[in-house]
1. Determine, at each q value in 0.21, 0.32, 0.33 (inverse angstroms), the log₁₀ of I(q)/I(0) that the Debye formula gives when each Cα of the stretch B:87-134 is one equal point scatterer.
2. Using the alpha-carbon centroid of each, what span in Å lies between the stretch D:237-271 and the stretch A:196-216?
3. May I ask you to evaluate 6.51 cos²θ - 1.76 cosθ + 1.60, the Karplus curve with θ = phi - 60°, for each residue of the stretch B:182-195 and list the ³J(HN,Hα) values in order in whole Hz, giving x for glycine and proline?
4. What does the C-alpha gyration tensor say about the overall shape of the stretch B:150-304? Classify as rounded when a/c is under 1.5, otherwise prolate if a/b is larger than b/c, or oblate.
5. Return the long-range amide H neighbours of D:Arg279 (sequence gap of 5 or more, or a different chain), with a cut-off of under 5 Å between placed amide H atoms.
6. Between copies, how close do the B:Val165 label points come, placed 7 Å along Cα→Cβ, listed in nm from shortest?
7. Across chain A, how many lysine pairs, 8 or more positions apart or on different chains, have C-alpha atoms separated by under 25 Å? Please give the number.
8. Amide H neighbours of C:Gly268 under 5 Å, counting only residues 5+ apart in sequence or on other chains, H built in-plane at 1.01 Å?
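Here, each number is a calculation from the coordinates, and none is a lab measurement. Everything numeric here is computed off the predicted structure, so don't read it as measured data. Don't worry about glycine lacking a Cβ; one is built from the backbone with ideal geometry, like all the others, and counts go over all protein chains shown.
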Number of protein chains: 4
Amino acid sequence: MIRVGIVGATGYGGRELVRLLAIHPEADLVHVTSTSAVGRRLDEELPAFRGLTDLEFEPFYADALAESCDVVFVGVPGTESMAIVSQLRAAGVRTIDIGPDFRLQDTKAFKQYYGKDHTAAALLDEAVYGIAPFNRARLKDAQLVAVPGCYPIGCLLPLKPLVEVAKIDVPIVVDSISGLSGAGKSLHERFHFSEMNENVWAYKIGVHQHTPEIEQELGHGAVVQFTPHVGPYTRGILSTITVRCEAPVDLAECYRRYEAEPFVRVLGEGALPELNDVRGSNFCDVGWVDDKRTGNLILISAIDNLVGGTAGMAIQCMNIMFSVEETTGLGLSGMSL
Amino acid sequence: MIRVGIVGATGYGGRELVRLLAIHPEADLVHVTSTSAVGRRLDEELPAFRGLTDLEFEPFYADALAESCDVVFVGVPGTESMAIVSQLRAAGVRTIDIGPDFRLQDTKAFKQYYGKDHTAAALLDEAVYGIAPFNRARLKDAQLVAVPGCYPIGCLLPLKPLVEVAKIDVPIVVDSISGLSGAGKSLHERFHFSEMNENVWAYKIGVHQHTPEIEQELGHGAVVQFTPHVGPYTRGILSTITVRCEAPVDLAECYRRYEAEPFVRVLGEGALPELNDVRGSNFCDVGWVDDKRTGNLILISAIDNLVGGTAGMAIQCMNIMFSVEETTGLGLSGMSL
Amino acid sequence: MIRVGIVGATGYGGRELVRLLAIHPEADLVHVTSTSAVGRRLDEELPAFRGLTDLEFEPFYADALAESCDVVFVGVPGTESMAIVSQLRAAGVRTIDIGPDFRLQDTKAFKQYYGKDHTAAALLDEAVYGIAPFNRARLKDAQLVAVPGCYPIGCLLPLKPLVEVAKIDVPIVVDSISGLSGAGKSLHERFHFSEMNENVWAYKIGVHQHTPEIEQELGHGAVVQFTPHVGPYTRGILSTITVRCEAPVDLAECYRRYEAEPFVRVLGEGALPELNDVRGSNFCDVGWVDDKRTGNLILISAIDNLVGGTAGMAIQCMNIMFSVEETTGLGLSGMSL
Amino acid sequence: MIRVGIVGATGYGGRELVRLLAIHPEADLVHVTSTSAVGRRLDEELPAFRGLTDLEFEPFYADALAESCDVVFVGVPGTESMAIVSQLRAAGVRTIDIGPDFRLQDTKAFKQYYGKDHTAAALLDEAVYGIAPFNRARLKDAQLVAVPGCYPIGCLLPLKPLVEVAKIDVPIVVDSISGLSGAGKSLHERFHFSEMNENVWAYKIGVHQHTPEIEQELGHGAVVQFTPHVGPYTRGILSTITVRCEAPVDLAECYRRYEAEPFVRVLGEGALPELNDVRGSNFCDVGWVDDKRTGNLILISAIDNLVGGTAGMAIQCMNIMFSVEETTGLGLSGMSL
């Protein structure tokens, strides 16, 4: 049994980890920490978990966690995990950070996009970018995993195989739409139900912090025009990616590498993913259209931002790290309803 | 391993069985039948299941199913399972019907509420009403289980302990609201997204077919004023039950019987259930208010109509029938998001 | 032209007044006041109004408003309008309060349900409860109008004609469900889109502040068991009202009084209202079922809480006060979509 | 008073015409026709209109309509208005078609995208493309108006001023997301509430029939990569348009032409439109970001597909045709909630 701790179990990513770990047959959630809820029961804070856990929130002590856990997930707001992860790593426990602090290798970009100096840059070397299909080998022995952002997962899975074979001559246009859960649980007038219901808007055009992350992981000089949107639903990201390649590309061939990939489903040309097929699951569905008239490829991907885009991907990384069959605990299909 | 077949896997109840069985460690879905999709793959019909199954739809042959399955779930429209269940029982296989045909013991009521004569009344004797907390003992050896309707589950769990101890002098008022998935997948102008979104309405007031089912199972001469509503969401039933007892009742005491019940969560006086805490799970949450000013008790229950109200309850019954730990495969919490 | 001012134009009720006054041919919105946004343009704060107004928020000076307005609407949080209305009335301007401060004649009940002493009790005498169909005559010369709460409007319109002719022997059960806009714009974790989407819950059972208001206006010793709910949509209240009369009542006869009522639509026995038919409009739709089996009457009403339940009703009162054709500016049908 | 008839008043566009005409002070809806509902009252078919109209559906006779109407709106499914409009024009009545049959000047493109031969090509010459800001002069005397498609309106308003001044060297990428009402009222499994709720998908990539319409009206050799999406809400289209110009363009300058335009609201650089600000209104909001890093312009537009995208635009055309002040009856702001 993998003994698991979670720092920050009440955030949306943390909650989803608790939910998924409850059906993981080889992992045991043994500690949850909190700054504000110490002493309260987890299921008092989150009644959805009543009947499934007796855990209480404890204060964060890195050494205590290191002693009783095989792995610790960290789910705290951006720029707050640098300090926590540093302590956990100093205490010697393997750490999976679902926040952004260890995703960007370039600390100047970190400063620019997250507004703070990076205070744990020494750890960036050991941080493995936790996208299972591309970094499986390095994940096996990883001591620190930086789980990708939800938008990057939905972009990298369809795009990376393409940029590796094709020359792309104008910026790749990525228009993604996310459910509100992607914004986390912080209160804001824009996230009020009445303001968000029936509403759609774009935000942070050209300056979203996931832009440099996507470009870093794509490599090959790819430039991405990333325009995120929010829509009136809770879970899921649909990404619509328009690419202009110098020469024709056979995408079916390109995606052959995913044949053995347990959670990437390549639907094929003309078969377009939708959120209902992935919601609640760890899958990323990919489809595309090759538009001969315009000379563009249009790729569509769909993920559940909380599962395939965060907690599910994190657990998949954990499975790899602990040599557990990779799909363990992740057998849920999309909800379809 | 319990070998499982499903007759009618594309309906909403059937889909949910497939989804839940995928994470059940002691059950194997081995056959799915269909009238219209024979020869097509299950995951072609329902892409949410891609990567999880290679099953193809087969025609319905009771003997073939009986031979290769330990249990068969039947998920077909009301009045259509009489014939199918008859054949399955004649072939000797244990059967769990998630439709209404074997719930009402009174064939006249069946005719009145479902509009057809009952053609398999001989089987009503062996049909066990599949509500685990009340019929556990009979379920162990059941050959035919009639899984309750979704509304009745949400009403019976809070009400049955009460009617057994209290004298109730006016009809019990049950106002339930259900998500649209309760209406199934048949097309109807009223279920069109644009017509249902932002909409709420009541229907079949006083004549809903679940009324006699609730009264039958409550017994004690209870009369129920049942008013179902539909609201603009997919999953979940919240039932608001107003009861007028002749003498004060201690509900906390009354619900003590649920202490060991794995899927009934008694929240207590003043603690009111909500759908997000049960969505995607097999739980029924129950809370109440004792209004001294009016002399009424108001009970609230929340279930996911597709899980705790259908497929989850059906699998719980299966677990009991096959002496598998009752909670197996049902460890999902409410989604909370 | 009626010159109109609004104190508190950024709240949800206030916004809706602005929206409706924009199409009112006999009213001119000339002043909006604010405590926090003084000097800012209304359409900067609320971009939905761009192109329709040049108004800027001004500080609140009762005398200035009294001088330049024929009527002032007050849309501030509960218990905050006592002071504002007092000043406006002292300054001599006719005032329509869409908040709760002048609805309850009983100051002890006010204290109990709103938690504060009433500081303007002297004005309660002149306050006319602003429900047009019942108080038309008194509204003509009203100097101070207290627009009813949204739930009370949806209950009183179907119930008042009934309590006047029938003897009702057990508490009337009112289960209402409201869209989130009824909660106003204050931020709260429960109102976060991700927490509210797909969710339904009941709240304040037996202690909601609209209970004494409904009973006051019903009179005849009526006792109401009021259970409010919130559902995952923005606008509209559906109220399901279960009544037990001592003797049979002819509701069609009872509702004949509404024949000339411009905004009460009596659909008839078995014809059940839905929110889509009233959303965006000033209508209240009423239908019912006479359940012979149980002896109960079940009445259903539907309103848009922001229009027929607040701003529309307030404008209807204004039209009556200023001898303008009562339906002026209120010609919108339900949106149906 | 303009006497108005509607052919096809029960479709979503037709319903919205009825709703808006009800508050139009200079228009009188005098006839509605139907094939299936002849003899039934309009408000029986559409209860949202009860209390506002006594109209009954009549059979379609072009001559009768021509005699009693000054203008007839036609709202029937694509390819069905060719015959109807031909008769109406032969009968001599001014006609506003909200369907697609008279939008494309190229009958070959019509055949390709709509699958039928054009049977009224002779009328294409007199058909004026009904986008008020660009064709005001021609609309004054128009006998036949083809109201643009909803997507084209949301694309043309932000794009046309740009293509007239800038050289654009790669296909313009238009990713639009529409509410479900855009799909009309036809029943389809995909439009079932349970299948569409919480769902997003792209469709008809590269082959949507609005593509040639947008390119025709843009002119200047513009090529558009149009990818439409559907999201889980009823009304509104948000279009995200990525353009790559050969030289820098001053968009603020470019949009100066809209200063006097009553229903185009230019929000400015960095100010991004959202659906809540336009829902229920005739406005099109436009904002943009000039991304120096990538060299792209990203334009965002928001409209209500049923109002600014169909019925509101149609009424604006009517106002121009009949020399009524152009904004008459269209004074509604966005609903904001």
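1. -0.79, -1.31, -1.34
2. The stretch D:237-271 and the stretch A:196-216 have Cα centres spaced 20 Å from each other.
3. x, 7, x, 9, 5, 7, 7, 3, 5, 9, 4, 3, 5, 8
4. Values: a/c = 1.98, a/b = 1.54, b/c = 1.28.
Prolate shape, in that a/c is at least 1.5 and a/b is the bigger ratio.
5. The list, which skips near neighbours in sequence, is D:Met335, D:Ser336.
6. 4.4, 6.9, 7.8
7. Qualifying lysine pairs in chain A: 12.
8. HN-HN under 5 Å from C:Gly268: C:Trp288.
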